[in-house]
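**Student:** First the structure, which I've put down as structure tokens, then a few questions once you've had a look.
The values are calculated or read from the model by the stated rules, or taken from the named source; none is laboratory data. For clarity, every value in this text was computed on a predicted model and none was experimentally measured. With ideal geometry, Cβ positions are generated from the backbone for all residues, glycine too; neighbour counts draw on all protein chains shown.
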Amino acid sequence: MKTFCQKWWQRVISVDMLLVAVITFLASIAGSYAKRFPVFSLFGALIVALLIGMLLQFPVRRWYTSSKSVRQLGVKASAGLIANKLLRLGIILLGFKLNLHVLFTQGLRSLPFAAAIVALTTIGTYALARALKVSPLLAVLTAGGTSICGAAAVMGISGSITVPADQADEKENNEVMAVATVAIMGTLFALIDILIFPLLGLTEQQQGIVAGASLHEIAHAVAVGGAFGETALAAATIMKLSRVLMLVVAAIAIALWWDKTQVKEKSSTKRKIMFPWFMLGFIIASVLGTYVSALHTHASAFVDVAYIVLGMAMAALGINVNFGAILREGGRAVVASFLASSLLLVLTILVTQTFF
């Protein structure tokens, strides 16, 4: 225990960690503030924090790490630790956003629809991405972000997947590429929804259901639902949160599938499957936030903290991202997500017109 504590003390208490922590915290706060404005509201706080982190990579390299390689390694390790640990904490705290009582009463019809959407879109997007020669990890992260809830889903699924140490940098680059992809697609299709909804003859409730069922980020669904009235906003929110609930099942299923099909270990000893325990924390937070009155009244505060923590994780990813890798590998993932998002929009419109 003493050795363990000393090891973590050395990793956490350092000038490099302090620098990265301050930078990522300020980036996260800036992202939360920027989302109040019309253009940035479509992207959301997490995407803005990621972009700030990517931009700050240049002055950090020029002014702080350029003269000493040990500083480069320290900043990289600190950013990696923040991205890894805070994303799990943020996902757990995000559970307070899920009101299970609302979902299991008002959203009862939405849950089966959400389960079908997530399953079909995850499998379909992954298949499209692999057909386009996208790597398995980037393909599954893009599929999760497209089918469930954007950046939070990418980070949640990534947190449930374990890769060898020599692939850690590649994993971080894939996280950034997947997050950027679903941000672009979500924003694009939010604008498409606003343009085409008046032409389809949908009721206000149907407009909200389609928005919540087809768009990527919660911010996208809320923005489109709010553009068509209170009924549409309520329907979009319930439908979107129904999909968010599926993140738990999807993350666990993908973790088990990844371990079985993608992990290649030559050792004959029995392997330990890396179960994403933090997703159980997400469920516990949802239950506590819904049914414990003392916590229910403060649920919004916990969610605010969740977005600050997740924003720090996203900014840390931005600090470490390899721009060359994104330019080389990201294009095919964007195409796969666009095709899947198009099919998802058509499917949700047809199902909503038929059953809702």
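**Student:** Go through region 316-354 and give me each residue that's out of contact with any Gly (no Cβ under 7 Å at 6 or more places or on another chain), buried (at least 17 other Cβ atoms within 10 Å of the Cβ) and among the β-branched types (V, I, T).
**Tutor:** Residues satisfying the conditions are V321, I326, V334, T348, I349, T352.
**Student:** Additional query: For region 30-50, give me the residue count where each residue is touching a helix residue (DSSP H, G or I) at 6+ places or on another chain (Cβ under 7 Å) and part of a helix (DSSP H, G or I).
**Tutor:** Count: 14.
**Student:** Can you confirm whether G208 is assigned to a helix (DSSP H, G or I) and within 21 Å of L111 (Cβ to Cβ)?
**Tutor:** Here the answer is yes, as G208 does meet what is asked.
**Student:** With the structure loaded, tell me whether F104 is out of contact with any helix residue (DSSP H, G or I) (no Cβ under 7 Å at 6 or more places or on another chain) and under 27 Å from I284 (Cβ atoms) or whether it fails that test. Step through it out loud before you land on a result.
**Tutor:** Details: out of contact with any helix residue (DSSP H, G or I) (no Cβ under 7 Å at 6 or more places or on another chain): yes; under 27 Å from I284 (Cβ atoms): yes.
The answer is yes for F104.
**Student:** Can you confirm whether D166 is among the acidic types (D, E) and surrounded by fewer than 16 Cβ atoms within 10 Å (Cβ to Cβ)?
**Tutor:** yes
Every residue, every condition in (1) more than 18 Å from V321 (Cβ to Cβ); (2) at pLDDT below 90; (3) not acidic (D, E), yes or no:
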{"site": "W9", "(1), (2), (3)": "yes, yes, yes"}
{"site": "L56", "(1), (2), (3)": "no, no, yes"}
{"site": "L86", "(1), (2), (3)": "no, no, yes"}
{"site": "L89", "(1), (2), (3)": "yes, no, yes"}
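**Student:** Answer yes or no: is there a residue in region 124-137 that is surrounded by fewer than 24 Cβ atoms within 10 Å (Cβ to Cβ), at pLDDT 90 or above and within 21 Å of L111 (Cα to Cα).
**Tutor:** Scanning region 124-137 turns up at least one residue that is surrounded by fewer than 24 Cβ atoms within 10 Å (Cβ to Cβ), at pLDDT 90 or above and within 21 Å of L111 (Cα to Cα).
**Student:** Any residue at all in region 275-290 that is surrounded by fewer than 19 Cβ atoms within 10 Å (Cβ to Cβ), polar (S, T, N, Q) and not in a loop (DSSP other than H, G, I, E, B)?
**Tutor:** no
**Student:** Then there is this: Just one of R36, R62, R88 is loosely packed, with under 14 Cβ neighbours inside 10 Å, within 22 Å of the chain's Cα centre (by Cα) and of a type in the set (K, R); which is it?
**Tutor:** R36
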